[in-house]
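Asks: Here it is, the structure, as structure tokens.
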Amino acid sequence: MKSFIAHLIDSHQGFCCIGVRGKVIFALMFSSTLLSCQSIDVELDSEFPVPQVERLPIDVGIIFSEELADYTYAEEIDGLGQLNIKLGKTPYDLLKSLGAGVFSDYQMVTSVARDDGYDGYLQAQISGFQIATPRQTRTDYYEVWMRFNFVFLDPGGNAISEWVLPSYGKANEADYRTKERALEAAARSACRDAMAVFSLRASSNSNVLQWQGTIKNSNTLGESETSDISETSEKDGA
């Protein structure tokens with residue numbers, strides 16, 4: 001009997017020890033679960049200054065698609081939780097500023113229309129989005145990489161060339177009170193980087209020059225055809 005009672009006492013003590021360790025493990029697992037269930041929602045709301053550069057002699061229709069308007073980046077990040085970054089009206093503001101600063105004239109449109117009278121169209125897409133947190137890089141910065149695809153179209157909506165433009169932005173976490181604010185600042189910085197690069201390099205970029213050359217040739221051909229029709233009409237009238 002004594003040995004049986006001693007066995008029960010030893011078993012109870014062992015169970016208590018296991019219980020303490022179990023509580024610690026449970027607490028860690030619970031904390032991890034909370035982090036994994038946490039959702040961080042970021043929505044950009046930013047205006048961009050009009051670039052002060054020499055404008056290209058192009059009257060352009062800038063296509064703003066529903067896909068771009070609804071663009072949201074989502075990722076589950078270890079130690080951070082579910083991250084959702086919605087660009088909101090930021091792409092619209094970015095393209096509008098580019099139109100006002102880079103081209104002689106522009107209009108925001110939703111699709112190609114052959115009777116609009118534009119020299120050509122510009123359509124923007126986001127084909128890449130990546131972030132890094134201070135925990136991942138062991139730095140003080142939230143970082144954002146984006147990849148924009150600028151597709152240049154002729155008046156009929158046919159693709160002439162495409163400019164794949166990567167951009168980068170970062171924000172020091174110490175400068176912001178919350179993760180959301182820091183991530184928003186980093187993403188906004190990446191968008192501004194894209195706008196700056198496009199503005200400064202558009203006049204010399206090979207894809208833009210190819211598009212511009214196609215537009216020029218098309219306009220020259222159109223003027224020639226109009227002249228021929230006019231001459232024919234005058235002869236018929238004579």
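Asks: If r is the Cβ-Cβ distance from LYS86 to ARG138 and R0 is 25 Å, what FRET efficiency results, to the nearest 0.05?
Replies: In this case the efficiency is close to 0.35.
Asks: State, as an integer percentage, the relative contact order of region 39-237 based on alpha-carbon contacts under 8 Å between residues 6 or more apart.
Replies: Value for region 39-237: 20 percent.
Asks: Okay, moving on. Simple spin-label model, 7 Å along Cα-to-Cβ: SER65 to ILE77 in nm?
Replies: 2.7
Asks: Sorted by packing (mean other beta-carbon atoms within 10 Å per residue), highest first, where do 170-182, 149-161 land? Working shown, then result.
Replies: Numbers: 170-182: 15.4, 149-161: 17.0.
Highest mean packing first, the order is 149-161, 170-182.
Asks: Further question: Students often check this: by mean Cβ neighbours within 10 Å, which of 62-69, 139-146 ranks highest, and how do the rest follow?
Replies: 139-146, 62-69
Asks: Here is a further query. With a ≥ b ≥ c taken as the square roots of the eigenvalues of the C-alpha gyration tensor of region 39-237, please select rounded if a/c is under 1.5 and otherwise prolate if a/b is larger than b/c or oblate if it is not?
Replies: Judged from the Cα gyration tensor, region 39-237 comes out prolate (a/c at least 1.5, a/b above b/c).
Asks: For ASP116 and GLU43, calculate 0.36 nm times their separation in residues minus their Cα-Cα distance, and state this gained length in nm to one decimal.
Replies: Here the segment from ASP116 to GLU43 would lengthen by 22.9 nm.
Asks: So how do 202-214, 46-58 stack up, highest first, on mean other-Cβ count within 10 Å?
Replies: Working: 202-214: 17.1, 46-58: 14.0.
Going from most to least packed, we get 202-214, 46-58.
Asks: Would you mind checking region 100-141 for residues with the amide N under 19 Å from a putative spin-label position 7 Å along Cα→C-beta of ARG55?
Replies: 100-109, 117-123
Any read-out appearing in this document is the output of simple, stated calculations on the displayed coordinates, not a laboratory observation. Computed from a predicted structure; not experimentally measured. FYI the Cβ positions are ideal-geometry reconstructions off the backbone, even for glycines, and counts take in every protein chain you see.
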